[in-house]
1. If one computes the Cα centroid of the range 156-228 and of the range 66-125, what distance in Å separates the two points?
2. Cβ neighbours within 10 Å, averaged per peptide: list 80-87, 203-210, 245-252 in order, most packed at the top.
3. Take residue 223 and residue 13, extend 7 Å from each Cα along the Cα→Cβ direction, and tell me the distance between the two endpoints in nm.
4. Assuming 0.36 nm per residue, please report the length gained on full extension of the stretch residue 40 to residue 22 beyond their Cα-Cα distance.
5. Determine the gain in length on full extension of the stretch residue 48-residue 204; use 0.36 nm per residue of separation and subtract their C-alpha separation, reporting nm with one decimal.
6. How large is Rg over Rh for the range 94-176, taking Rg from the Cα atoms and Rh as the Kirkwood inverse mean of 1/r across Cα pairs?
7. What whole-number distance in Å separates the alpha-carbon centres of the range 20-52 and the range 254-269?
8. In the range 15-133, if every C-alpha pair distance is counted and binned at 10 Å from zero, what percent goes to each bin?
């Protein structure tokens, strides 16, 4: 493979050229009606178009979400239509860029971290069916004659965040969404909702394509040495279960990643993950957690042990806020609910005798460690390199709980993708 010219940033160079663009509408490549809990939606973006660049950063999917139940149901108030994205995969025939399972749980954490009440009841409502209540979102009226036309975003994947993705490659780019069970993706109105009781249809992906003139493109390729290099961030998911009697968990992350920027984690009660009147995607309870930390070869990383006891709720809040604009960031986010939640109860809704109590006890708690601009050994680093060492995430609790709990751990890390135009295939370096 040719050596990339480190002095050229092709993304900035393309941006400075002010290229004309046109909007592309793409239909799924596999079918056009999909079933919740078992179906997957695939889009194949055509490549082999030298001189053209796809804007994946602003791409999105619009679709009809149909409630085939006999009863009206609701989107989750602080998650919306993206709750139907169980897993998001971006790949070509020769390279897998991203594959993030439990995508919707991470989405829920980001909504609670970053979205204010005004967003939930305005843009979030129109785009995704969210509501400011956090509990029941927009109503999904029963029947095929009442489709909800909503957006599925393409977030938390490396190349899906790139504004100028070169369409010079030999292989088409494939984006696949594996659909979540309806039991988890919506708030059921009554008992009896099944995993496959919703359908997704009339899907279309929209993205912009920029075009460079042939003569300009030849010079452009010469300037960058015939090699494209994309630097971006990507995500990985690690699932764990903590037994009801346990008061500590050490999760072996088992990964080799460079420049890990952030670690997110949350606890969800596994007893009622599939209760059709409960929802565990965004019901993240504190569960008596007293501290959490990231370990590398048995040592706490960058001194990042966070005390989360009831008397130290401010410490958890401060750690999250300093990674989002600082302690004096006055943006109206929903972080006020951070320390809420009971150790075993998730959202319960209409028709459940314990609805009021359960809603009051449900929280939006999550854990976050920001690893940028810290120290690794004696050196200042922007992100933690986990290459040869043993990485672990540790949670300590004050007591056991009445049921097993599900732990979802996510790592945000730096990735690089390289393509020699003479070969036409991508290689990923993470």
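Any read-out appearing in this document is the output of simple, stated calculations on the displayed coordinates, not a laboratory observation. These numbers come from a predicted model, not from an experiment. Please note: Cβ atoms are built from the backbone with ideal geometry, for glycine as well, and neighbour counts cover all protein chains shown.
1. Centre-to-centre distance over Cα atoms comes out at 15 Å.
2. Going by the mean number of other Cβ atoms within 10 Å, highest first, we get 80-87, 203-210, 245-252.
3. 0.6 nm
4. This chain segment gains 3.7 nm when fully extended.
5. 54.0 nm
6. 1.06
7. 30 Å
8. Each 10 Å bin holds this share of Cα pairs: 10, 34, 34, 19, 3, 0.
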